[in-house]
Each structure stands twice: as structure tokens, then as C-alpha cells.
1. Quickly run through segment 57-82 and pick out the residues that are over 13 Å from GLU109 (Cα atoms) and of a type in the set (A, V, I, L, M, F, W, C).
2. Considering only segment 49-65, I want to know if a residue exists there that is open to solvent by less than 30 Å² (accessible area, probe 1.4 Å) and at pLDDT below 90.
3. Would you be able to tell me the number of residues in segment 82-100 that are among the small types (Gly, Ala, Ser) and out of contact with any Ser or Thr (no Cβ under 8 Å at 6 or more places or on another chain)?
4. Let me confirm something: among ARG64, ARG34, ARG39, which residue is in contact with a strand residue (DSSP E or B) (Cβ under 6 Å, 6 or more places away or on another chain) and either under 30 Å from VAL94 (Cα atoms) or in contact (Cβ under 8 Å) with a residue 24 or more places away in the chain (or both)?
5. Within segment 66-78, which residues are open to solvent by 20 Å² or more (accessible area, probe 1.4 Å), part of a helix (DSSP H, G or I) and within 23 Å of GLU37 (Cβ to Cβ)?
6. Evaluate the following for ARG105: is it in contact with a Ser or Thr (Cβ under 9 Å, 6 or more places away or on another chain), more than 14 Å from THR50 (Cα to Cα) and touching a residue at least 60 places away in the same chain (Cβ under 8 Å)?
7. From ARG105, ARG90, ARG101, which residue is farther than 25 Å from VAL153 by Cβ, basic (Lys, Arg) and surrounded by 13 or more Cβ atoms within 10 Å (Cβ to Cβ)?
Amino acid sequence: MAEGDEHRVAPDPQAMRADIRSWPTGRLLSVAARMVEGRFHDFLTAHGLTHAGLIALHHVVEGRLAQRELATLCRVTDQTMSRTVEGLHRAGYVERATDERDRRRALVEITPAGGRRCRRPRAARSAAPASRRGRSASTTTSASNRIRLITIVRGIRRPPGTTW
């Protein structure tokens, strides 16, 4: 290991967090996003899903779609959607079929198990006590935080050519 490459762990992580009020907004948002993403990933894994799989299920719950259309809706490449659909198919959440009018097109349709799985995480999340969701009941402000986040996201201008 080259000099200066070693990683140092703060002797007192609580002391490091004590200066949180001095952090720039970007750092706060970045840390919050990583924490929420980690919890969301753990939650999805516990329900046998991936983030990409849940997004795809939400689109096909309305009806059968061509795999390419699904990729476009999910804002991913055809190859990424192919892997996502394969995982959902192995889990029994979607069925794939060849379009009778165009044999080159793959159609994706949700199964009853996929429909239940798509609805279950949302229902389980909202039914769980606040303390099990990682928050105390006295600090549950998710609705107002959600409104603030939507306002922030809508207010950010996308650079030309981006798909997010």
C-alpha cells in the first residue's frame, strides 16, 4: 500500500456526525440518499425483488408490453431489460411470449404472483409500525418529506440529452 492510501476510521463516529449541521446541503442529500437506498435495497431483497424488477412490474401490472417498450418506460437499455425480465420470469412474476404478428418481439405479461408481489411491498411498508420502518412514531414526517423531495426533484433542471 502506498503512503497516504491507507484508510483511517474515525475513532469516534458519533463525534464525526456531531458536525452534521455544518454539512453542505449536497452532502446531506447524498448521505440521506445512500441511507434510504440501502434500506430500500434491503426491503426489496427481503421481498424477492430488485429495484429494476419492481419498476418493471409496476409498468406491466397495467397490461402486456413489448420488452423494448418496457425498457423505454424504465429508461434502461434493451440488454438491461432482458436481464431484468429473465430474473422476474425465473421468480414466476412475469411470463414472456413471442408476438404473433412480429416474431422478433418479446411480450412481457405479469402473472398473478407478480401482481401480488408488486402490491405486497407497498402494503407491507405502509402497514409496518413506524418503529419497524426505522423511525420513531414522534418523528414520522414522511408525507411532508416526500412533498419536499418531489419539489426538489421537479426543480432540478436536467442537462440536455439525459434520461433521468
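1. ALA71, LEU73, CYS74, VAL76, MET81
2. Yes; the residues of segment 49-65 include at least one that is open to solvent by less than 30 Å² (accessible area, probe 1.4 Å) and at pLDDT below 90.
3. Result for segment 82-100: 3.
4. ARG64
5. LEU73, CYS74
6. Spelling it out, it is not the case that ARG105 is in contact with a Ser or Thr (Cβ under 9 Å, 6 or more places away or on another chain), more than 14 Å from THR50 (Cα to Cα) and touching a residue at least 60 places away in the same chain (Cβ under 8 Å).
7. Exactly one of ARG105, ARG90, ARG101 is farther than 25 Å from VAL153 by Cβ, basic (Lys, Arg) and surrounded by 13 or more Cβ atoms within 10 Å (Cβ to Cβ), namely ARG105.
The values are calculated or read from the model by the stated rules, or taken from the named source; none is laboratory data. Keep in mind that this is a model prediction, so the values were computed, not measured. Glycine also receives a Cβ, built like all others from the backbone with ideal geometry; neighbour counts cover every protein chain displayed. When the accessible area is computed, the model is the full protein with side chains, heavy atoms only, and any ligands, DNA or RNA have been set aside. Shrake-Rupley method; radii C 1.70, N 1.55, O 1.52, S 1.80 Å.
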